[in-house]
Each structure stands twice: as structure tokens, then as C-alpha cells.
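Visitor: First, the structure itself, so that you have it in front of you.
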Amino acid sequence: MTPQLQRRLYGALTDGDAQAGSRQIRAFVTHFSALTASKLAGGLLDPKLVLSSVLVALGAPGGLVGALVPVREAGALLPQLALAGWIERTGQRKWFWAVGAVGQGIAALGMAVAALTLDGSAAGWAILACLAVLAVCRSAGSASYKDVLARTVDKGTRGTVSGLAGTIGSIGVFAFAILLSVGIIPGKPSAIAAVIVVAGALLIAAGLIFARLDEPEAEVGDIDHGLGGLRAIFAPLRKDAQLRRYILTRTLLISTALAPPFVVMLAASDGKSVTLGHLGLLVLASSVAAVVSSYVWGRLSDRSSRRTLMFAGLAAAGVLALAATVGTLTGGLGGPFGAAGFVFAAKIVYEGARAGRKTHLADMDANGQKAIYTALSNSILGVMLLLGGGFGLLADLVGPALVLGVFAAMAAGGALVAMGLAEVQQDAQ
């Protein structure tokens, strides 16, 4: 891209500041291009719907389908605490994101090969292994990105670059859902494997683009990884009752993140009413739910993240209990449109829980230890999510309807625990 085109793109996407230097413009465009490719690829590789539908179509056991979300989320969270010290001791931190993105792309290509050449348990294990590699590579990018962004993009445009990339990525996923829904992209494993190849190529391209970022040398720090460092990290857990309650609330509400693959399993349990051919409808329902609910939940969270977590937990309990009841009585979820309705509702309550927990952590009093609070809660949640993979084995034994019933009880428990959280928005005033 020529310098003139970069300047025009920068002006169109920001406030058109003509005084911005060429280095700033190049950095903005680099971030925007790499993030857009990465976010679009992430939507095409969604484990909650896309990968779970592929595994169901390939005949993988429920235990492997249920492990997709835990492996993806835990793999992205757990390594961050260990990576933090390595990143702090490195001057050029863009390489963590760039190499991580390329690694994710290679892992995605491995998933596509598995979907094309294997079936049953073999396909499930191969795709799950590739997803684990992808998640660990993603954690490197997550742990390093905010630092790189802060040192390469000026204030006032940082939110713009990530927000615009997210919007374009969402539009791309929406287009993917439409193409699936109308049959332009066939609902077959081979066609979805081709889409996964595209996602892998996008991630590799994102890594190569980000590697060209002109990043200034960072100050090299030194983090204590000995016993003293561990004590400092875990000290808030002993001293802060509100942090313990927040983590318990968040743990119980992981049911909203774990539920969608089990909705897919239950919807396809009769073997004919909902198939991979209906994936487009499910992705479309999920995308629309995110669009219509994210802003509303965000506004509610800014007023009271405590109440948002309570409402989201209660709503999730109702949605998941209804899905479990319908599945138990009918053996399915009322066909493709019934399944899409439950996916729509499940996505809405997930967005509520997500907005509430992010805003609550951001606004709660962390005694100047926000980074430690974040790393600690993320690490504990990573362990809990990894243990959540056991729900897939439970689904193999008793069926997905009962598992959704358990998730409903967890969500209700999360709402009850959230009642004891402080009104951190009022405390901050």
C-alpha cells in the first residue's frame, strides 16, 4: 500500500488529522489490517458453533465436542501469566503477536486437513489438538498486544483501530452466515474445511503484516517469578473477599460460554432435523444476537455491573432450563428454526455475562493491582474452563439435555452469588 493510500485510509477511518506523522499512519494501518484479518478468522473458527457443528457432522463423540470451548478458552488464558515475564524481558514485542498469529494459521490448516481426511473420534481428537495449539498461540498475542498498541498508536485512535477491525470482522462473519444460509456455501464438511483454510490463510497474513510494524524498542523489565512473586500474585485472593466473590460469580457464569456446543448437539440429536446444512442459520442467529444486545448490555453494565451479572445469570438459567426441558420432552429443539432461536437467546445472555464481568473488573477497586487482579482471575477461570471439558463426557453418558440443565443451575447460582457483589460504579463516583 502506497503512503498516499495509507494517509487516505487513515483519514477516512479517524478524524482525518492531517498532522499525523507518516510513522503513526503506517502503524495505524498495520494494526487495522492485521486485526481485521485476525478477527474475521476468529469468527470463521468459532468453536461454539462452527467447529462444534463440524465435529457433530463428522460423528465425533460428545466428549470431544464439549471440550472445544474449554480447550479454546483455557488455552488462551492459562499461559498468559507465564508469558508476561518473557514479554517484559523482550524489547521487540510485536513478534509475540506476529508469530502467534502465524502459529494459529498453521493450526487452522491442520484442522482443515483433519476435517477432510478423518471422521469420528480420530477427526475429533485431531481438530481438538490443533485447537489447543491455536489457543496457546493466541495467548501470546493477547498477552502482548495492548503493550504494543500503546507504544505504536497514539491515544484517541487506539479504540478506533480495534473497534473498526471488530466491526469489519463481524460483517465478514455475517456475510459467511448469509452465504451458508442460502446455500452458496454448501453445508458439507468439505466446504466448511475450505472456509477453515481461508481462516488459516487470514491468520498467517495477519502475522506477516504485523511483523512489518515499526515498533520502538521497549524498556526491558524484570518480574520476580520466584516464591515472592507468586505470593504477590495470590495475595489479593486471600485478602479481598469481593475478588473471591467476583471469581466465583464468573466461574458459575462460564455456563453461558460452555452451553452453545451442547445446544448444537441437542438440536442434532435426532439425526435429521438440524444438520451441518443449517450451520449458516445458527451463525446468523448468533451474529444478530451479538449486534442487537452488545450495546444494551454495555450500557447496563456502566450503570451497574452487579445487576447486569444478576440479570444475565437469571436469564441464562431460564433459557438453558427451557432448552433442557424441550430437549427432554421432544428429543430435539423444534427443528432448525427452534435451534436458531435457542442459539439467539443463548448468545444474548452470554453477551450480558461477558459485558458484566469485564466492566465489573475494570471498575472495582483493585488497590492499584489491576494487572494482578486480571491475571489472577483469568488464570483461575482458565483452570475452571479446562475442567469444564468434563461436561462433554457427561453428555455422552446422560445426553446434552441434562448437561444444559446443569448449566441452568450454575447460571442461577451465579446470579445469586452476584447479589453480594459491591456496586462498584457507585463506589467509583
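Visitor: At least 3 residues that are open to solvent by less than 20 Å² (accessible area, probe 1.4 Å) and touching a Pro at 6+ places or on another chain (Cβ under 7 Å) in each: list the helices (runs of 4 or more DSSP H) lying fully within segment 17-120 that qualify.
Guide: Passing ranges, in order: 62-77.
Visitor: Trp125 fails exactly one of the following numbered conditions: (1) buried (at least 19 other Cβ atoms within 10 Å of the Cβ); (2) under 22 Å from the mean Cα position of the chain (by Cα); (3) of a type outside the set (Lys, Arg). What is the number of that condition?
Guide: (1)
Visitor: Under 7 Å between Cβ atoms, which residue pairs at least 6 apart in sequence (or on different chains) link something in segment 23-35 that is among the β-branched types (Val, Ile, Thr) with a partner that is open to solvent by less than 20 Å² (accessible area, probe 1.4 Å)?
Guide: Taking only residues 6 or more apart or on different chains, the pairs are Ile25/Tyr10; Val29/Tyr10; Thr30/Phe210; Thr30/Leu213.
Visitor: Ok, one more. Could you tell me which of the residues Ala316, Ala312 is at pLDDT 85 or above, touching a Gly at 6+ places or on another chain (Cβ under 6 Å) and surrounded by 23 or more Cβ atoms within 10 Å (Cβ to Cβ)?
Guide: Answer to the selection: Ala312.
Visitor: Which condition number in (1) open to solvent by 40 Å² or more (accessible area, probe 1.4 Å); (2) at pLDDT 85 or above is the one that Glu351 fails?
Guide: (1)
Visitor: Within the bounds of segment 146-166, is there any residue that is farther than 17 Å from Thr30 by Cβ, open to solvent by less than 40 Å² (accessible area, probe 1.4 Å), modelled with pLDDT under 95 and assigned to a helix (DSSP H, G or I)?
Guide: So far as segment 146-166 goes, no, none of its residues is farther than 17 Å from Thr30 by Cβ, open to solvent by less than 40 Å² (accessible area, probe 1.4 Å), modelled with pLDDT under 95 and assigned to a helix (DSSP H, G or I).
Visitor: Also, quick follow-up: Those residues that are more than 12 Å from the chain's Cα centre (by Cα), closer than 18 Å to Ala108 by Cα and β-branched (Val, Ile, Thr), I need them from segment 57-89; list them, please.
Guide: Val65
Visitor: A further question on this structure: With touching a Ser or Thr at 6+ places or on another chain (Cβ under 6 Å), in contact (Cβ under 8 Å) with a residue 40 or more places away in the chain, of a type in the set (Gly, Ala, Ser) and more than 19 Å from Asp46 (Cα to Cα) as the only criterion, which of Ala375, Ala411, Ala395, Ala415 stands out?
Guide: None of the others qualify; the one that does is Ala411.
Visitor: Please indicate, with yes or no, whether at least one residue in segment 94-115 is under 22 Å from the mean Cα position of the chain (by Cα) and under 24 Å from Ser255 (Cα atoms).
Guide: No, segment 94-115 has no match at all.
The values are calculated or read from the model by the stated rules, or taken from the named source; none is laboratory data. What you see is a predicted model, and the numbers here were worked out from it, not measured in a lab. Neighbour counts are summed over all protein chains in view; Cβ atoms, including those assigned to glycine, are modelled from backbone coordinates with ideal geometry. These area figures cover heavy atoms from the full protein model, side chains too; ligands, DNA and RNA do not enter into them. Shrake-Rupley method; radii C 1.70, N 1.55, O 1.52, S 1.80 Å.
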